[in-house]
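A.B. asks: Below: one structure in structure tokens.
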């Protein structure tokens, strides 16, 4: 399955090097920040990955915030032309094994599958549907359960999504 192998491997590398990058790796280039979203590109040996990212405007749950890592949602393109419009959630904790995550945009819901601390749409078609709703919507909520059984709810503003998405669509064709 393309998502479970290629995409996850690429993102594990890119995301782990993007925000806490050792000096041996290039930093992602910030192309645009619009309201709550940022557009970035990462060039490496002739290949390019573009992504947009946002952090929650609100996070809820019975947990100590000091014990939770980076929380983000991404939409990405690359490194190849086949890997486009991939939606990914980083929870800041390990998800309960074999659990699902609920993603809701203005009342319309999707189920995401989990791998360790990340969640992905179940199909490319779901990725496209989620992105279409993100362009039209105003708020997205993601609900997951940690490996310790703690339920979390992260709320994201979709303000700036469409503008930053257009930048990566143009930059990573």
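A.B. asks: Over the chain, with a Gaussian network built from C-alpha contacts below 10 Å, which listed residue (26, 39, 91) shows the highest mean-square fluctuation?
C.D. replies: 26
A.B. asks: If I model a spin label at residue 43 and residue 129 as a point 7 Å from the Cα along the Cα→Cβ vector, what separation in nanometres do I get?
C.D. replies: Spacing of the two 7 Å Cα→Cβ label points: 3.8 nm.
A.B. asks: Here's a follow-up. For 113, 74, what ranking results if the residue with the fewest other Cβ atoms within 10 Å of its Cβ goes first?
C.D. replies: If I rank by nearby Cβ atoms, fewest first, I get 113, 74.
A.B. asks: Just round it to a whole percent: the fraction of Cα-Cα distances in the range 2-171 exceeding 21 Å.
C.D. replies: Tail of P(r) above 21 Å: 44 percent of Cα pairs.
A.B. asks: Sort largest first and round to whole Å: the equivalent ellipsoid semi-axes of the range 87-147, each the square root of five times a Cα gyration tensor eigenvalue.
C.D. replies: Sorted largest first and rounded, they come to 20, 12, 9 Å.
A.B. asks: If you don't mind, there's one more thing I want to ask. Between the helical axis of 161-171 and the dominant principal axis of the chain, each derived from Cα atoms, what acute angle in degrees is found, rounded to the nearest 10?
C.D. replies: The angle comes out near 30 degrees.
A.B. asks: Neighbouring Cβ atoms within 10 Å as the yardstick, rank 108, 66 fewest first.
C.D. replies: Going from least to most buried by this count: 66, 108.
A.B. asks: Compute a Gaussian network model of the chain, connecting alpha carbons closer than 10 Å, and tell me which residue from 117, 100, 43 fluctuates the most.
C.D. replies: Looking only at 117, 100, 43, the biggest GNM fluctuation is shown by 43.
A.B. asks: Taking the number of other C-beta atoms within 10 Å as the exposure measure, put 153, 164, 141 in order starting with the fewest.
C.D. replies: Ordered from fewest to most neighbouring Cβ atoms within 10 Å, 153, 164, 141 come out as 153, 141, 164.
A.B. asks: Another question, then. Between the range 154-169 and the range 76-91, how many Å separate their Cα centres?
C.D. replies: 14
A.B. asks: Can I ask one more? Under 10 Å, Cα contacts only: if you run a Gaussian network model on the chain, which one of 29, 101, 86 comes out with the highest mean-square fluctuation?
C.D. replies: 29
A.B. asks: Further question: Quick check: residue separation of residue 68 and residue 153 times 0.36 nm, minus the Cα distance between them. What number comes out in nm?
C.D. replies: 29.3 nm
A.B. asks: Right, next: For the chain, what is the calculated [θ] at 222 nm in deg cm²/dmol (nearest 500), taking -39500 (n - 2.57) for each run of four or more DSSP H residues and dividing by its residue count?
C.D. replies: Only helices count here, giving -6000 deg cm²/dmol.
Every number in this text was worked out from the coordinates using simple rules, so none of it is lab data. Not measured: the values here are computed from a predicted model. All Cβ positions, even for glycine, are placed from backbone atoms using ideal geometry, and neighbour counts span all protein chains on display.
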